[in-house]
Amino acid sequence: MIKEYSSTIYNKAIFSEDKNHRYLLERVWDENKAIATVIMLNPSYAGHIKVDNTTSEIINYLVDLELDCGDGEIITFGGLKVVNIFSYIVTKSKELKNIDYYELFDSYTDNEIVKAFEESKIIIIAWGKEDKKLYRERKNKIRSLLKQKYSDKVFYFINPDGSPSSHPSIMQNGSKIKEYDFTSKDI
């Protein structure tokens, strides 16, 4: 006996008119389930049709995630919002240093970040471990926002050995999420 399955995934991307910035990437596969926002360093060229490996890895993780809230409630996920602390599109983060700092993000970046945070059940920090001066100021600004308004729903990826995972594209099998510790600067 065989059984056929099909589904439609809603895809959305918000870009600047010149396509130098991507403010939001969204995928929804089950609108009756929770949405997770993942905040990373900078976007790739993935869009409403084009996919990238990182987004695929996160979706695969979220499809299987059953988050135990500790009160008997289990949350499952049916959607993903991806935002970035820098909205300027580069394929390798080391290229960010070649761009003027104030061109790396704009007011639309922060607007979409806040909107995604508001609309999500959880927020996963996945911007990497690098602590370069270029990144530090911006990470600290977003950390402050997260701590003030969303501290009860912030997580990060950890490897099976308990160490922080620096980026979703290199998550190990058996990786999990853990509540974010705002006193730690590991991530």
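Every read-out reported here was derived from the displayed coordinates using simple, explicitly stated rules and does not represent laboratory data. Since the structure is predicted, the reported quantities are computational estimates derived from the model, not experimental observations. Counting neighbours? That spans all protein chains shown, and the Cβs are built from the backbone with ideal geometry, glycine included.
What number comes out for the charge environment of residue 33, summing +1 per Lys or Arg and -1 per Asp or Glu over other residues with Cβ under 12 Å away?
Within the 12 Å Cβ shell, the charges total -2.
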* Round to the nearest 0.05 the FRET efficiency obtained for residue 137 and residue 176 when R0 = 25 Å and r is the Cβ-Cβ distance. => 0.25
* For the pairs 33/92; 3/178; 94/149; 92/176; 81/139, note any where the Cα-Cα span goes beyond 28 Å. => 33/92; 3/178; 94/149
* To do: May I ask you to sort 127, 29 by Cβ crowding, counting other Cβ atoms within 10 Å and putting the fewest first?
  => 29, 127
* Point-to-point label distance, residue 73-residue 169, nm (Cα→Cβ direction, 7 Å offset) -> 3.5
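I'd like to verify something in the chain: which complete DSSP H helices, judged by Cα projection on the helix axis, reach 15 Å or more and average at least -0.5 on the Kyte-Doolittle scale?
Details: long enough: 53-64 (17 Å, -0.04); 107-118 (17 Å, -0.62); 133-149 (25 Å, -1.75).
Flagged H segments are 53-64.
Considering only the chain, what is the antiparallel percent among its DSSP beta bridges, to the nearest 5? Please list the in-between numbers first.
Details: 19 of 33 bridges.
Counting only bridges with both partners in the chain, antiparallel ones make up about 60 percent.
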* Using every alpha carbon pair in the chain, what percent of pairs falls into each 5 Å bin from 0 up to the bin containing the largest distance? -> 1, 7, 17, 21, 21, 17, 8, 4, 2, 1, 0, 0
* Per-bin percent of Cα-Cα distances, the stretch 96-187 [10 Å] -> 15, 44, 35, 6
